[in-house]
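Student: Sharing a structure here in structure tokens format.
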Amino acid sequence: MTGTEKFRTERLVARSWRIEDLLLALELWGDPAVTALIDARGKLTAEQVEERLHAEIERERSSGVQYWALFDHRNGDFVGCGGLRPWIYTPGERNFEVGFHLVKRSWGKGLATEAARGALDYAWQKLRLSKVYAGHHPDNRASQRILEKLGFEFVGDVFYEPTGLMHPSYCKTA
Ligand SMILES: CC(C)(COP(=O)(O)OP(=O)(O)OC[C@H]1O[C@@H](n2cnc3c(N)ncnc32)[C@H](O)[C@@H]1OP(=O)(O)O)[C@@H](O)C(=O)NCCC(=O)NCCS
């Protein structure tokens, strides 16, 4: 995979989303099991999924980062997305958060933790960041566990507009 490859880990390769990735986007964000704890709308329509895909592509244009599309480089299987986004709660500062959304068949294999490690290495080495933020839905125990495993420290509860809830939020320094 050339050109748009962003990072590579033991099992995963991350690349930028493309406009022609709609079927992959539908497999991911069209599944209500995936969006249950990340979007208050519950099940997204095909149109809403397409908007999400376009938003990721636009985010890379405006901020240089995405929750990039993830594939298993051993067999080419689509795994989901993971990467970085601007952290909007520190206006005036260039801060980012790490996040991951995996298709259901990829859950429970350590892949989100591996993707987050790849995204953090990218943040430290390519973007030269000194800290990265993260947050999760208050009921998302798997995300909480992942952030603990990665060494994130709790900084407070922060309002997260897509779910309309206060999300426990964390920071990790390089
Ligand atoms: C949340 C999500 C990313 C987890 O992905 P994953 O690849 O299964 O995660 P990992 O295997 O890397 O790690 C999950 C950890 O949480 C633990 N875990 C899973 N479910 C749990 C639960 N209900 N309670 C406590 N711990 C739980 C796992 O045992 C594992 O910890 P361990 O390695 O110590 O055993 C995945 O389920 C997903 O994409 N969900 C939909 C989108 C989403 O909610 N994304 C998170 C946004 S913050």
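Values in this text are rule-based calculations from the coordinates and carry no lab data. Just so it is clear, the model here is predicted, and its values are computed rather than measured. Here Cβ is always computed from backbone atoms with ideal geometry, including for glycine, and neighbour counts include all displayed protein chains.
Student: If the cut-off is 22 Å between C-alpha atoms, which lysines fall inside it for LYS43, apart from same-chain ones fewer than 8 positions away?
Tutor: Straight-line reach from LYS43, under 22 Å: LYS104.
Student: Across 5 Å bins from the origin, how do the percents of Cα pairs in segment 96-174 run, short distances first?
Tutor: Going from the shortest bin to the longest, the percentages are 3, 15, 27, 24, 19, 11, 2.
Student: Only counting other Cβ atoms within 10 Å, I'd like SER63, SER16, SER143 sorted with the fewest neighbours first.
Tutor: SER63, SER16, SER143
Student: Based on the mean of other Cβ atoms within 10 Å per residue, sort peptides 120-128, 82-90 so the most packed one is first.
Tutor: Peptide ranking by packing, descending: 82-90, 120-128.
Student: Starting from segment 87-157, pick out the GluC sites (Glu not before Pro) whose DSSP state is loop and whose Cβ has at most 10 other Cβ atoms within 10 Å.
Tutor: Passing sites in segment 87-157 are GLU93.
Student: Considering the alpha-carbon set of the chain alone, what are its Rg and its Dmax in angstrom?
Tutor: 15.0, 42
Student: Counting helices only, and only those DSSP H runs with n ≥ 4, report the 222 nm mean residue ellipticity of the chain as the sum of -39,500 (n - 2.57) divided by its residues, in deg cm²/dmol to the nearest 500.
Tutor: Estimated from H runs of four or more residues: -9500 deg cm²/dmol.
Student: Now for a different question. Provide CYS171, CYS81 in ascending order of the number of other Cβ atoms located within 10 Å of each residue's Cβ, fewest first.
Tutor: CYS171, CYS81
Student: For segment 5-129, what's the relative contact order in percent, using C-alpha pairs closer than 8 Å and at least 6 residues apart?
Tutor: Worked out over segment 5-129, it gives 24 percent.
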